[in-house]
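The values are calculated or read from the model by the stated rules, or taken from the named source; none is laboratory data. In this text, all values refer to a predicted model and were calculated from it rather than measured experimentally. Cβ atoms come from the backbone with ideal geometry, glycine included; neighbour counts cover every protein chain shown.
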Amino acid sequence: MAGRDITSQFNEIYDSTYKAVLSYITARCKNAADIGDIAQETYMELYGLLCKRGADYVRNGHAITLKIAKRKLYRHYTLAEKLRRFVPLTVTDERGDEVSLADLEAEEESASMEEMVVNQIMLEEARRFLRQKPDDVKKVFNLYYDAELTIAEIAQALQMSESNVKHKLYRTLKELRELFR
């Protein structure tokens, strides 16, 4: 009987939140191909939560589902993931071919310990590089990638011109690319 209550509650929440959650995820996704996966993970976690805590645990299905979606988006687009789009993170394998670290991470289970160490070293180098930047550059970079604000919103929040925000952001990205070239 409890399983049926959970399924009914899940279906009600799903039906009442799907459009809003999908809109939220779509608006914040960097890659349209990720939308379905993140939406599916969101509702899988919701169902798991209902199974674990019981059907009566969720009082506001809309709020909790959006909270889960927000967390899924954040985890999906970590700093490493964001850097990978702008910085060609590659290593040279034993044959002399360049191999993308993104590909290595996808095959992480079969990857050797050496490859994982190289990956970690490069990511730490990028973090260390960003920590050495002036505060205003760090703020621009963090607001753009972590808070996902637009350039106009960042300019308003930091009280600087949009061209100044763009300059700081794009110059930092160029320096990161050169660092890993």
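Among the residues making up segment 152-181, those that are among the aliphatic types (A, V, I, L, M) and buried (at least 18 other Cβ atoms within 10 Å of the Cβ) are 154, 155, 165, 169, 176.
Right, residue 146: acidic (Asp, Glu), outside the structural domain of residue 70 (by TED's automatic domain parsing) and more than 26 Å from residue 27 (Cβ to Cβ) or not? No, not satisfied. Just give me the residues in segment 171-181 being over 13 Å from residue 145 (Cβ atoms), assigned to a helix (DSSP H, G or I) and either at pLDDT 95 or above or not acidic (Asp, Glu) (or both), in sequence order. Answer for segment 171-181, where residues must be over 13 Å from residue 145 (Cβ atoms), assigned to a helix (DSSP H, G or I) and either at pLDDT 95 or above or not acidic (Asp, Glu) (or both): 171, 174, 177, 179, 180.
This table checks each residue for (1) touching a Lys or Arg at 6+ places or on another chain (Cβ under 8 Å); (2) among the hydrophobic types (A, V, I, L, M, F, W, C); (3) part of a loop (DSSP other than H, G, I, E, B).
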residue: 18; (1), (2), (3): no, no, no
residue: 37; (1), (2), (3): no, no, no
residue: 42; (1), (2), (3): yes, no, no
residue: 45; (1), (2), (3): yes, no, no
residue: 48; (1), (2), (3): no, no, no
residue: 51; (1), (2), (3): no, yes, no
residue: 59; (1), (2), (3): no, no, yes
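For segment 42-53, the criterion of a residue being small (Gly, Ala, Ser) and modelled with pLDDT of 90 or more is satisfied by at least one position. Going through (1) surrounded by fewer than 19 Cβ atoms within 10 Å (Cβ to Cβ); (2) without any contact (Cβ under 8 Å) to a residue 40 or more places away in the chain; (3) within 26 Å of residue 147 (Cβ to Cβ) one by one, residue 30 falls short only on (2). Considering the conditions (1) surrounded by 11 or more Cβ atoms within 10 Å (Cβ to Cβ); (2) at pLDDT below 80, residue 74 is excluded by exactly one of them, (2).
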